[in-house]
Amino acid sequence: MQLSFTNYRKTFGAVEVLKINNLYLDSSIYWVKGENGSGKSTLLKSIAGIINFEGEIKLNDFNSQRKTVEFRKLVNFAEAEPLFPEFLTGKDMVDLFAEAKNASSFQTEFYLNEMKMQTYINEPIGAYSSGMLKKLSLVLAFLGNPQLILLDEPLITLDTDSLQILYKWIEKKYTEEGVSFLISSHQALDLDETLARKTLLVENRTLNLLEC
Ligand SMILES: Nc1ncnc2c1ncn2[C@@H]1O[C@H](COP(=O)(O)OP(=O)(O)OP(=O)(O)O)[C@@H](O)[C@H]1O
């Protein structure tokens, strides 16, 4: 995976919140750190292509704003506080994403079973607890064949068993399929020490790759 930023700039109204002149990231698991309001979600939403910005973000030469179809096949995103239509069931969302991301039924069943979601997956999302909602958004982020998975505060609201399953999924995707991750979290990631990991710090309205 090659992710690059060129003259990236995000403003809300007249306020500049994030600026990245030139940055190149290769395959790894990145822990995105930064204080409240520093711009972590803004960064991840920009890469996911769900907010507009100035400049260029490219993944493997696909420009996120010009080659949107190709780009979005390669990038999956789980929001910090996911919002889904309340009248749909979890299964409806999984089916929608599975079709869009070319995920097999074997793959969807695997993730749903691992997170023990089968008992409520046919219930309307409006009846989900925040942890159930979080697990649904994480399952969706792992579907298909992405090269980059963006997880915004994935650890919050997960119970301890689900946390261990999520860590296992991340480690497996990275080691077996070479999938890279950008994971924003206020707490350290409890991943296998032997995995290549890097830290990205969002500070002073820009992004820096910290030397490990
Ligand atoms: N839709 C918006 N309109 C105006 N300002 C916004 C909007 N979204 C974010 N901001 C501003 O952009 C800055 C970065 O916000 P962002 O949500 O990216 O921070 P964060 O690092 O994810 O914070 P936290 O750790 O609290 O989740 C903040 O100053 C915030 O007020």
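General remarks:
- 16 Å tail of the calculated P(r), the range 4-99, as % of Cα pairs: 64
- Degrees, to the nearest 10: 160-177 long Cα axis against longest axis of the chain: 60
- Antiparallel content of DSSP bridges confined to the chain, in %, to 5: 55
- The reciprocal of the average 1/r between distinct C-alpha atoms defines the Kirkwood hydrodynamic radius, which for the range 113-210 equals 14.9 Å.
- Intensity falloff of the chain expressed as log10 I(q)/I(0), Debye formula with alpha-carbon point scatterers, at q = 0.10 Å⁻¹: -0.42
- Taking only alpha carbon atoms, the range 21-72 gives an Rg to Rh ratio of 0.96, where Rh is the Kirkwood radius.
No lab work stands behind these numbers, since they all come straight from the coordinates. Please read all numbers here as calculations on a predicted model, not as lab measurements.
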